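Here's the structure we're looking at; comments come further down.
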Amino acid sequence: IENIEFFQQAERKKKEAAFLVKSISSFSEKLELKSTLEAVAEKGADLISKPCRIYLLTETRFPMIVTDGNHKRRSPPRTRILENMHPKEVRYFYKSMKNEKAPLLIPNVIRSRRIGSLGAYFEKEGIHSLISVPLKFRGKNLGLLVLGRPKDKSPLDRHDLALSEALGGAASVAIQNAWAYADSLEIGGLLEKKIEEKTVQLQMIHDKQASRFENRNDITFWVNTRNQ
């Protein structure tokens, strides 16, 4: 019996390791911010198993992405203003959880004192247990990954919490890389625009000087340092 249990644990660990490796590989293939965020939400859904509800909340141009198993509801691109997160209950949950140092497991949203009245909202949304994973990179808050499981499924447990934390760590690196890449593209675009503006200005100065030179009525002599 013990051998069977050890074998089952080993198989489960093997599958978890394969899942994390596949997730990291999937994240590494993407540098565009929106694609990276969607990939993180999709991997969260794969982790919890369907049916489930995944919220990915970030302070980016795409502040909220929601995934229901295979069915996805993605919010349109928005500004960085957190007030654009809807509904307000999700916004309040994000603000109260984003500064947490470690992931939080809530086996029963109604009985949880940690989220208080927000538990009624999640219960209404069909979520009975959830895990909140702060996404951080070198002490910087990047967002929050919220994984929810419905009432008819077994509640999320500490095993799910540990795996969610590992996934959150990989997701944080991926989001930071995508964010840095987006910033580099933006800076590159600004520099390119400045170079184009300076080139136009230099050409205008050159044309103006050439025009003045060609329209002069006097004779011009060019003399070198040897008076030749």
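The values are calculated or read from the model by the stated rules, or taken from the named source; none is laboratory data. Note that the coordinates shown come from a computational prediction; the quantities given were computed from them, not determined experimentally. With ideal geometry, Cβ positions are generated from the backbone for all residues, glycine too; neighbour counts draw on all protein chains shown. Areas reflect the complete protein model, heavy atoms only, side chains present, ligands, DNA and RNA absent. Shrake-Rupley method; radii C 1.70, N 1.55, O 1.52, S 1.80 Å.
In the range 126-159, what count of residues is obtained for those that are more than 15 Å from Y92 (Cα to Cα) and surrounded by 18 or more Cβ atoms within 10 Å (Cβ to Cβ)?
Qualifying residue count for the region: 13.
Which of the residues that make up the range 12-33 are open to solvent by 70 Å² or more (accessible area, probe 1.4 Å) and either touching a Lys or Arg at 6+ places or on another chain (Cβ under 7 Å) or part of a helix (DSSP H, G or I) (or both)?
The answer is R12, K13, K14, K15, V21, K22, I24, S28.
Can you run down the residue pairs with Cβ atoms below 7 Å, 6 or more apart or on separate chains, where the first is in the range 42-68 and on the phi > 0 side of the Ramachandran plot and at pLDDT 90 or above and the partner is open to solvent by less than 30 Å² (accessible area, probe 1.4 Å) and assigned to a loop (DSSP other than H, G, I, E, B)?
none
Could you please give the count of residues in the range 96-112 that are closer than 25 Å to D152 by Cβ and either of a type in the set (S, T, Y) or touching an Asp or Glu at 6+ places or on another chain (Cβ under 8 Å) (or both)?
Final tally of qualifying residues: 6.
Select, from D152, D218, the only residue that is more than 30 Å from L47 (Cβ to Cβ), assigned to a loop (DSSP other than H, G, I, E, B) and either in contact with a strand residue (DSSP E or B) (Cβ under 7 Å, 6 or more places away or on another chain) or among the charged types (D, E, K, R) (or both).
None of the others qualify; the one that does is D218.
Output the residues belonging to the range 115-146 that are of a type in the set (D, E, K, R) and not in a strand (DSSP E or B).
E123, K124, E125, R138
Tell me the residue from Y94, Y121 that is of a type in the set (S, T, Y), farther than 20 Å from G168 by Cβ, surrounded by 12 or more Cβ atoms within 10 Å (Cβ to Cβ) and modelled with pLDDT of 90 or more, please.
Y121
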